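A.B. asks: Can you keep this structure in mind? I'll have questions shortly.
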Amino acid sequence: MTLIQSFQGSASDGTALTAVYAEQSASGVALAIVFPGSELPRLVYWGRPLSAPETVIGLYDALRPQRVSGALDYTAWPSVLPTQSESWIGAKRFEIRRDGRELFCKFAVTDIKAETVEDGNVYEMTVKNGYPQWNVASEPKRTPTITATAEDVEQGVKLIWTCEIDVSGLVRQQATVINTGDGLLEVGKVELGFPVPADATEILTTTGHHLRERSPQRQPLTVGRFEKVSMTGRPDFDATLLLSLGETGFGFTRGNVYSAHVAWSGNSVLSAERLPYTTGMLGGGEMLFGGEITLAGGEEYTTPWVCGSFGEGLNEVASRFHSFIRNAHRDWNAKHGIAPKPRPVILNTWEAVYFNHDYDTLTALADKAVESGVERFVVDDGWFGSRRDDTSGLGDWEISQEVWPDGDKSLKALADYVHGKGLEFGLWFEPEMVNPDSDMFRAHPDWVLKPTAGRLPMQGRTQQVVDLTNPDAYAYVYGAMDKLVGELGIDYIKWDHNKLVTEAVSPYSGRPAVHEQTLAVYRIFTDLKAAHPGLEIESCSSGGGRVDLGILEVADRIWGSDCVDPVERADIQRYTSLLVPPEMIGEHVGASPAHSTHRATSQELRMAMAFFGHMGIEWNLLKEPQADIDKLAEWVAEFKKHREWFAVDTVVHSDAADPAVRVDGCVMPNKAAAIYRFTQLTTSQTYPAAPVRLPGLDPDKVYEVSPLDVSLDLIKQDITNGQSPLGWWNPEGVKMTGRALETYGIRPPSLHPAQAVLFKVVEI
């Protein structure tokens, strides 16, 4: 049930109150907002639905702090957009200037609208031939939405604040700033916030670098401000996908936790802040350079959505983001008449051949791909212009006659060969970048972002950034891609983004341009996909450098990391899945030793680590013995049995006490079955490994737990150090209740380090 109600009343001091209670019952989330007088709203409740919504009017008196000594007359109790006019003395969250002078706004709310917006689709899942099917329900999507209009009349600034609870349970905030005065109004920052309960005292974020994205880090929320800022024109490797505040010791399965995310692919900030007078405040927004957003009279700026997710443990928090993204893609498919399909198994040529393209090698590789069960063949960098290495040719989006001469060994001939094998054909592009050593740059040096007319930004990978805010540059890039998609019959684009966007001033506008550049990127994605129905686009950014809800709404998957070493991928993928559903994370089986780390690993670990995601192969199969290709084909076939369920399943991770192990799984929506992966990353203090708990099951159901066929024979795979049989590791397995599995758990096989197995849990 969707519910939104408004209540009127008065505080104990006579202040007129308007309270709004909103609820998405099916998602188990409710929100309460109170408007005191004409002030901006206070978030007074965020959690499970309340049995008596009418009581939220009393939360103002229940939570409002008293005045205390040594401070202002009004003790800080932050609104969703705190300013100094309400006694907020923390970091600036609303920063605007008129004609170069900073304004200190005090907004008066002039209108409050609380309504259920009926717009968009609701999807119903049925099961046909053992696999999930999605249909558009007859009833529209209902979204409880609060919209408040506020204004500082004296200073000519209007604010429209919107808050909604999506069917996923995700809470989204957005603000629009309108210049209603004379002169130019410059917007510097609009950082919206979610106040959280006092016992949310521990912060979880992720950090990282190239080849090691999403490394978790924890710290207490002390008085002060912790922030993660992304100023490279993309979230980048060090970005935290979520900034989470929770009860001390919260994990994947335990503890109330509140997480925030900025749905934006440009510059942004996520923060956790606490004053001596307040509880914690989660916040986020776009970061803008001086002069980047300047509004003339009547013009407006709208922030990216700032998303909040509440749950008991991170698994529930993540499930809300997954549900939101999955519905966004169902919406696109329904709007454009595109039938959903299972995620095709990919072979990407990069680590197989790098820049060494030729027709005979790639057709032979395509043949091996077919043997392995591959369904999509993607040609990576090196097919265009003078691009024989990464120093030249980028931006010259014409097929290289040197590598792919016209005729029976052309790139078109390869695409036709691949299609003739029953495979989809994909091609690599890096549309936002250019090499200075390229025809494009020589002809149009003004088509790049640069701080001055005479100086380029520091380059990265011998690249500069194309100014897609320039209509001519945009038309060239889009036109070249559109033409090639049509001529070659491209089914899939691997879109890369390798240079950090720094000193990003547009020669076309004369202003910093990250905001408009980001919107231009979204537009190319959507325009290409609309022009070529069924075309899919991957967002790669030196690996996992651009992962956010903004890009996830327009891209069909992301590349998790340039590192496919499965030991590193264990946590990269785990923490990427806090935001991204598994079917949208590119997870590939690579070579051993791994190209990025030179670590040797078993084929079983490499295949198991790619099993839950959008499975692919990043490996020169022409150099591998037939036995390994046959083994790969066996695992690919097993993956295909389950991938359609993985795309609707609830992703779970277990809070294992042993830091040497990982337990990850996918559980059917009705909890009738699940598949789990047990990974022994290093040796454990406990020998053999202790029992592990399996989250996400129905505690009252009885299940049969048994190994998947591909992991059944531990001795043949030579991955076990157990010297006697494990009682349940056989086709018959063992029968257990969900409650026993989630509390005392089950003993995993004793494995050598850097090994993994898969097992299934099926309701009896």
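A.B. asks: Of the numbered conditions (1) under 23 Å from Gly249 (Cβ atoms); (2) at pLDDT 95 or above, Cys666 fails exactly one; give the number of that condition.
C.D. replies: Exception for Cys666: condition (1).
A.B. asks: Just a yes or no: is a residue in the stretch 58-71 over 37 Å from the mean Cα position of the chain (by Cα) and crowded, with 19+ Cβ neighbours inside 10 Å?
C.D. replies: Looking for residues that are over 37 Å from the mean Cα position of the chain (by Cα) and crowded, with 19+ Cβ neighbours inside 10 Å, one finds none in the stretch 58-71, hence no.
A.B. asks: Enumerate the pairs (first residue in the stretch 57-75 and touching a residue at least 40 places away in the same chain (Cβ under 8 Å); second residue anywhere and open to solvent by 90 Å² or more (accessible area, probe 1.4 Å) and hydrophobic (A, V, I, L, M, F, W, C)) with beta-carbon separation below 9 Å, excluding pairs fewer than 6 apart on the same chain, so at least 6 apart or on different chains.
C.D. replies: Ala71/Ile89
A.B. asks: Please go through the stretch 310-368 and give me each residue that is of a type in the set (A, V, I, L, M, F, W, C) and open to solvent by 30 Å² or more (accessible area, probe 1.4 Å), ordered by number.
C.D. replies: Within the stretch 310-368, Trp332, Ala334, Ile338, Ala339, Trp350, Phe355, Ala364 qualify.
Listed here are the residues, each with its yes/no results for (1) under 26 Å from the mean Cα position of the chain (by Cα); (2) among the β-branched types (Val, Ile, Thr); (3) at pLDDT below 95; (4) open to solvent by 60 Å² or more (accessible area, probe 1.4 Å).
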site: Gly426; (1), (2), (3), (4): yes, no, no, no
site: Met433; (1), (2), (3), (4): yes, no, no, no
site: Asp439; (1), (2), (3), (4): no, no, no, yes
site: Ala443; (1), (2), (3), (4): no, no, no, yes
site: Leu449; (1), (2), (3), (4): no, no, no, no
site: Ala473; (1), (2), (3), (4): no, no, no, no
site: Leu488; (1), (2), (3), (4): no, no, no, no
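A.B. asks: Can you tell me which of Thr143, Thr116, Thr126, Thr162 is under 30 Å from Phe289 (Cα atoms) and either small (Gly, Ala, Ser) or not in a loop (DSSP other than H, G, I, E, B) (or both)?
C.D. replies: Numbers: Thr143 fails: under 30 Å from Phe289 (Cα atoms); Thr116 fails: under 30 Å from Phe289 (Cα atoms); Thr126 fails: under 30 Å from Phe289 (Cα atoms).
Going through Thr143, Thr116, Thr126, Thr162 in turn, the sole match is Thr162.
A.B. asks: Just to be sure I understand, how many residues within the stretch 89-136 are β-branched (Val, Ile, Thr) and closer than 30 Å to Asp331 by Cβ?
C.D. replies: Looking only at the stretch 89-136, we keep the residues that are β-branched (Val, Ile, Thr), and these are 89, 96, 109-110, 112, 116-117, 122, 126-127, 136.
So of that shortlist, the ones also closer than 30 Å to Asp331 by Cβ come out as 112, 116-117, 122, 126-127, 136.
Within the stretch 89-136, residues that are β-branched (Val, Ile, Thr) and closer than 30 Å to Asp331 by Cβ number 7.
A.B. asks: Find all pairs meeting these conditions: Cβ atoms under 7 angstrom apart; at least six residues apart or on different chains; first residue within the stretch 441-459 and touching a residue at least 12 places away in the same chain (Cβ under 8 Å); second residue open to solvent by 70 Å² or more (accessible area, probe 1.4 Å) and part of a loop (DSSP other than H, G, I, E, B).
C.D. replies: Lys450/Glu503; Pro451/Glu503; Pro457/Glu503
A.B. asks: Given the residues Val223, Val190, Val157, Val153, which is the only one that is in contact with a strand residue (DSSP E or B) (Cβ under 8 Å, 6 or more places away or on another chain), farther than 23 Å from Leu549 by Cβ and open to solvent by less than 20 Å² (accessible area, probe 1.4 Å)?
C.D. replies: Values: Val223 fails: open to solvent by less than 20 Å² (accessible area, probe 1.4 Å); Val190 fails: farther than 23 Å from Leu549 by Cβ; Val153 fails: open to solvent by less than 20 Å² (accessible area, probe 1.4 Å).
Matching residue, one of Val223, Val190, Val157, Val153: Val157.
A.B. asks: Name every residue in the stretch 1-60 that is touching a Gly at 6+ places or on another chain (Cβ under 8 Å) and basic (Lys, Arg), in order of residue number.
C.D. replies: Within the stretch 1-60, just Arg48 meets the criteria.
A.B. asks: Moving to a separate point now. Which numbered condition in (1) surrounded by fewer than 24 Cβ atoms within 10 Å (Cβ to Cβ); (2) touching a His at 6+ places or on another chain (Cβ under 9 Å) is the only one that Asn620 fails?
C.D. replies: Only one criterion is unmet by Asn620, namely (2).
A.B. asks: Scan the stretch 251-272 and tell me whether some residue there is open to solvent by 20 Å² or more (accessible area, probe 1.4 Å) and within 18 Å of the chain's Cα centre (by Cα).
C.D. replies: no
A.B. asks: Another question about this same structure. With the structure loaded, tell me whether Arg101 is over 31 Å from the mean Cα position of the chain (by Cα), open to solvent by 50 Å² or more (accessible area, probe 1.4 Å) and in contact (Cβ under 8 Å) with a residue 40 or more places away in the chain or whether it fails that test.
C.D. replies: Working: over 31 Å from the mean Cα position of the chain (by Cα): yes; open to solvent by 50 Å² or more (accessible area, probe 1.4 Å): yes; in contact (Cβ under 8 Å) with a residue 40 or more places away in the chain: no.
Against the criterion (over 31 Å from the mean Cα position of the chain (by Cα), open to solvent by 50 Å² or more (accessible area, probe 1.4 Å) and in contact (Cβ under 8 Å) with a residue 40 or more places away in the chain), Arg101 does not qualify.
A.B. asks: Okay, next question. The conditions are (1) open to solvent by less than 50 Å² (accessible area, probe 1.4 Å); (2) modelled with pLDDT of 95 or more; (3) touching a strand residue (DSSP E or B) at 6+ places or on another chain (Cβ under 7 Å), and Leu3 fails exactly one of them. Which is it?
C.D. replies: In the conditions (1) open to solvent by less than 50 Å² (accessible area, probe 1.4 Å); (2) modelled with pLDDT of 95 or more; (3) touching a strand residue (DSSP E or B) at 6+ places or on another chain (Cβ under 7 Å), Leu3 misses (2) alone.
A.B. asks: Out of (1) assigned to a helix (DSSP H, G or I); (2) small (Gly, Ala, Ser); (3) open to solvent by 10 Å² or more (accessible area, probe 1.4 Å); (4) over 28 Å from Gly291 (Cα atoms), the odd one out for Gly534 is which?
C.D. replies: (1)
A.B. asks: Is at least one residue of the stretch 485-504 outside the structural domain of Met231 (by the TED database), in a loop (DSSP other than H, G, I, E, B) and basic (Lys, Arg)?
C.D. replies: In the first step, residues of the stretch 485-504 are kept if they are outside the structural domain of Met231 (by the TED database); the result is 485-504.
Pick out the ones that are also in a loop (DSSP other than H, G, I, E, B) and you get 489-491, 496-504.
Still in the list and also basic (Lys, Arg): 499.
Yes, some residue in the stretch 485-504 is outside the structural domain of Met231 (by the TED database), in a loop (DSSP other than H, G, I, E, B) and basic (Lys, Arg).
A.B. asks: Now a separate question. Among the candidates Thr294, Thr232, which residue alone is assigned to a loop (DSSP other than H, G, I, E, B), open to solvent by less than 50 Å² (accessible area, probe 1.4 Å) and more than 30 Å from Gln24 (Cβ to Cβ)?
C.D. replies: None of the other options fit; the residue is Thr232.
A.B. asks: Out of the stretch 397-409, which residues are open to solvent by 10 Å² or more (accessible area, probe 1.4 Å) and either of a type outside the set (A, V, I, L, M, F, W, C) or modelled with pLDDT under 95 (or both)?
C.D. replies: Scanning the stretch 397-409 gives Glu398, Gln401, Glu402, Pro405, Asp406, Gly407, Asp408, Lys409.
A.B. asks: Then there is this: What single numbered condition from (1) touching a Pro at 6+ places or on another chain (Cβ under 8 Å); (2) open to solvent by less than 10 Å² (accessible area, probe 1.4 Å); (3) of a type in the set (Gly, Ala, Ser) fails to hold for Ala200?
C.D. replies: Single failed check for Ala200: (1).
A.B. asks: So which residues in the stretch 235-256 are assigned to a strand (DSSP E or B) and either without any contact (Cβ under 8 Å) to a residue 24 or more places away in the chain or within 21 Å of Ile572 (Cα to Cα) (or both), if there are any at all?
C.D. replies: Scanning the stretch 235-256 gives Leu243, Ser244, Leu245.
A.B. asks: Continuing with the same structure: May I ask you to list the residues in the stretch 225-264 that are closer than 30 Å to Ser542 by Cβ and among the acidic types (Asp, Glu)?
C.D. replies: Passing the criteria: Glu227, Asp236, Asp238.
The values are calculated or read from the model by the stated rules, or taken from the named source; none is laboratory data. Source: prediction; values computed, not measured. For neighbour counting, all protein chains shown are included, and Cβ atoms are generated from backbone atoms with ideal geometry for every residue, glycine included. Surface areas here come from the heavy atoms of the whole protein model, side chains and all, with no ligands, DNA or RNA. Shrake-Rupley method; radii C 1.70, N 1.55, O 1.52, S 1.80 Å.
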